[in-house]
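Worksheet: one structure, shown below.
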Amino acid sequence: MAAFVVSNLINVRYLTGFTGSNAAVLIDAEDPGLDRICTDGRYLTQVARQVPDLEAVIERNCPPALIEQARSAGRTRIGFESDTMTVAAHHGLSERFADAGIELIGISGLVQELRAVKDAHEIALLRAACAIGDAALARIIADGVIRAGATEREVARALEWAMYRLGADGIAFETIVAAGANSAVPHHRPTDAALADGDLVKIDFGAVYAGYHSDMTRTLVLNRAADWQRELYELVATAQAAGRAALRPGADLRAVDAAARDVIDAAGHGERYVHGLGHGVGLEIHEAPGIGKLAAGTLPCGAAVTVEPGVYLPGCGGVRIEDTLVVTDGEPDLLTATDKTFTVI
């Protein structure tokens, strides 16, 4: 295969820096002079500014335009992102180039694999996004936003607005604020349920800064804590520490997951830990590598990943503790700095 058409917009941004809503890139393995970026007429100025080193093809439907560019250069085996292109789009391309001797080759995850390892600039942007999240949570706690009588939705919106005021370009995902029994739902969506004294309050949120995402979960208790809440928190904190300690270059992804999961299993709560230990984070909130029981592969040095074990007791409440870290040759680099001590507010 001599040529490859990249049409996933996140991958286009990673490779070129272009942030428009319609684009594709042609990469030629034999002749870099044939590399092209394609976008439509809305982005003439933007593509010239963001990608000055690549020739721009201005077309609305970018993949066929770039395949035609490759065909004109004598390329007959052309790769495409099979995990991005729809069946209908592939069918249309196959029909269009059927008589041109073009062989379309589906390729999955190639750029995502490159994205799994962050460079120094990417880590700096991730660190900035995480710092915004840390500061925003501290601000709403200091302002008394998390209090009995406030609703989950009010706390979530206040936290999101705090992130914007602190410089976030967006929120990384729909903020989770789950109080009381709702904290036992791993991905609870905030409602008008009011926080009450004695509630576990689970807050999972993130900021976007310059395209890069932060991800952090903290679980607090409102005003007074029960012994079972302290015990559950201590268990999850111990599992989370074990997961963080297992982050080493070359570590088997399933073994990293097991480091935390074994702690929870040994305490008899294995059935109440219902998700993987973590995931990569970067230009997307969930990207490679995934860390879980069914994961395949090893952990690369430079990967930015979350470590987020949780135990969820239906009808009672749940605890999740999550950090974002970068895998290094030494201790993992912790990007989320908010204290993880059991906290009653």
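The 3J(HN,Hα) values that the Karplus relation (6.51, -1.76, 1.60; θ = phi - 60°) gives for the stretch 161-170 are, in residue order, 5, 4, 5, 4, 5, 8, x, 5, 7, x Hz. Gly and Pro appear as x. Close amide H contacts of residue 57 (hydrogens built in the peptide plane, cut-off under 5 Å, sequence separation of 5 or more or a different chain): 37, 38, 39.
Indicate the gyration tensor shape class of the stretch 186-345 (rounded, prolate or oblate), computed on the Cα atoms with a ≥ b ≥ c the square roots of the eigenvalues: a/c under 1.5 is rounded; otherwise a/b larger than b/c is prolate and the rest oblate.
Details: a/c = 1.93, a/b = 1.43, b/c = 1.35.
Prolate.
When a/c is below 1.5 the answer is rounded, else prolate if a/b is larger than b/c, else oblate, so apply that to the chain with a ≥ b ≥ c taken from the square roots of the Cα gyration tensor eigenvalues.
Working: a/c = 2.49, a/b = 1.96, b/c = 1.27.
Since a/c reaches 1.5 and a/b is larger than b/c, the shape of the chain is classed as prolate.
The phi torsions of the stretch 75-83, fed into the Karplus equation with coefficients 6.51, -1.76 and 1.60 and a -60° offset, translate into couplings of 7, 10, 10, 10, x, 9, 7, 6, 8 Hz, rounded to whole numbers, with Gly and Pro shown as x.
What percent does the relative contact order of the chain come to when contacts are Cα pairs within less than 8 Å and at least six residues apart?
On the way: 763 pairs, mean separation 50.7, N = 345.
Once normalised by length, the contact order is 15 percent.
Close amide-amide hydrogen proximity is noted between residue 79 and 3, 4, 5, 105, each under 5 Å apart and 5 or more residues distant or on a separate chain (H modeled in the peptide plane; Pro and chain starts excluded). Cysteines of the chain lacking any other cysteine Cβ under 4.7 Å from their own Cβ: 130, 301, 316. Within the stretch 217-263, the trypsin sites (Lys or Arg not before Pro) that combine a DSSP coil assignment with at most 11 other C-beta atoms in a 10 angstrom radius are 224.
Counting DSSP beta bridges in the chain, what percent are antiparallel, to the nearest 5? The partial results should precede the final answer.
Values: 39 of 52 bridges.
Bridges in the chain that DSSP calls antiparallel: roughly 75 percent.
Backbone geometry of the stretch 209-216 corresponds, through the Karplus equation with coefficients 6.51, -1.76 and 1.60 at θ = phi - 60°, to 3J(HN,Hα) couplings of 9, 6, x, 9, 9, 10, 8, 8 Hz, x marking Gly and Pro.
Near residue 279, the amide H atoms lying under 5 Å from its own belong to 291, 306; only residues 5 or more places off or on other chains count, and H is placed 1.01 Å from N.
In terms of its C-alpha gyration tensor, the stretch 195-251 comes out oblate, because a/c is 1.5 or above while a/b does not outweigh b/c. I'd like to know which of 26, 7, 159 lies farthest towards the positive end of the charge dipole of the chain, counting +1 on Cβ of Lys and Arg and -1 on Cβ of Asp and Glu. Sorting the options by dipole projection puts first 159.
FYI, it's all coordinate maths here, none of it is from the lab. Just so you know, these numbers come straight off a predicted model, no measurement behind them. Note that each Cβ is placed from the backbone with ideal geometry, even for glycine, and that neighbours are counted across all protein chains shown.
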